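Here, each number is a calculation from the coordinates, and none is a lab measurement. As the structure is a prediction and not an experimental result, all values here were calculated from the model.
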């Protein structure tokens with residue numbers, strides 16, 4: 001029978017062990033950083049849309065102002081939709097990782113119950 005690997009003691013050893021064995025997923029905390037980075041990119045896109053519409057309004061004048069307002073409105077609606085989709089995408093990943101952690105805990109409970117019944 002194969003003997004399970006022993007978990008090292010100490011804070012640094014446990015963190016390294018978790019990284020090497022996938023016993024605990026660290027991606028959940030990384031998703032928050034990815035979320036804020038994505039929001040930053042979407043924010044830059046929003047500023048680009050505002051800048052483009054102001055540029056069109058200044059360059060074209062007259063009817064160009066109406067075109068710029070339409071581009072601004074559609075662009076800001078697109079940015080709002082992008083923020084909602086990005087949030088949903090990140091929440092999906094967090095949910096998947098939470099399910100994985102719950103399944104891991106359930107597996108440990110089942111293994112502990114089998115060990116108690118076997119004794």
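Normalised by the number of residues in segment 31-110, what is the relative contact order in percent for Cα pairs under 8 Å and 6+ residues apart?
Over segment 31-110, the number comes to 35 percent.
State the extension gain, in nm to one decimal, for the chain segment bounded by residue 36 and residue 110, taking 0.36 nm per residue of separation less the distance between their alpha-carbons.
Residue separation times 0.36 nm, minus the Cα-Cα distance, leaves 22.9 nm.
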